[in-house]
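The values are calculated or read from the model by the stated rules, or taken from the named source; none is laboratory data. As the structure is a computational prediction, the values presented were derived from the model and not from experiment. Cβ atoms come from the backbone with ideal geometry, glycine included; neighbour counts cover every protein chain shown. Calculation scope for accessible area: heavy atoms of the full protein, side chains included, ligands and nucleic acids excluded. Shrake-Rupley method; radii C 1.70, N 1.55, O 1.52, S 1.80 Å.
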Amino acid sequence: MRFKLIIAFIDESTTNCILDAAREAGATGATVINHARGEGLQKKKTFMGLTLDVQRDVVLFLVEEHKSRVILETINRVGEFDTNPGQGIAIQIDVEDAVGVAHQVREISKDIEDQI
């Protein structure tokens, strides 16, 4: 079985919605790293020209490759990444190997055995 790693850098206010939507789209779990800092094309400013550090969460999803595109698109839609600048980004990376996921592989195999 092959995996993809989806990494989403998101506004912390949307983390739970994105986690729920990704699970509905086929993700079997996630790792959330809280309170990361990010900066986009334009620095966010507060009153009097001071910069504003926006708290972000980094969410890591290790997903089966047949489900990865649907999960990535779901994260994009729910997070409104393409419609609202500064909402977040998500990428997917091929995973050469993974350990510690044998219990998930058994469950995923039942769901996708006709696709592979």
message: What are the pairs with Cβ atoms under 7 angstrom where one residue, in the stretch 57-80, is over 26 Å from H103 (Cα atoms) and among the β-branched types (V, I, T) and the other, located anywhere, is surrounded by 19 or more Cβ atoms within 10 Å (Cβ to Cβ) and modelled with pLDDT of 95 or more? Sequence gap at least six, or different chains.
response: V78/I18
field: Identity of the residue in the stretch 69-83, out of contact with any Lys or Arg (no Cβ under 9 Å at 6 or more places or on another chain) and open to solvent by less than 60 Å² (accessible area, probe 1.4 Å), that ends up farthest from A22 (Cα to Cα)
entry: F81
task: Could you please tell me which pairs satisfy a Cβ distance under 7 Å, a separation of 6+ or placement on different chains, a first residue in the stretch 17-33 that is closer than 18 Å to V105 by Cβ and part of a strand (DSSP E or B), and a second residue that is among the aliphatic types (A, V, I, L, M) and modelled with pLDDT of 95 or more?
output: T31/L60
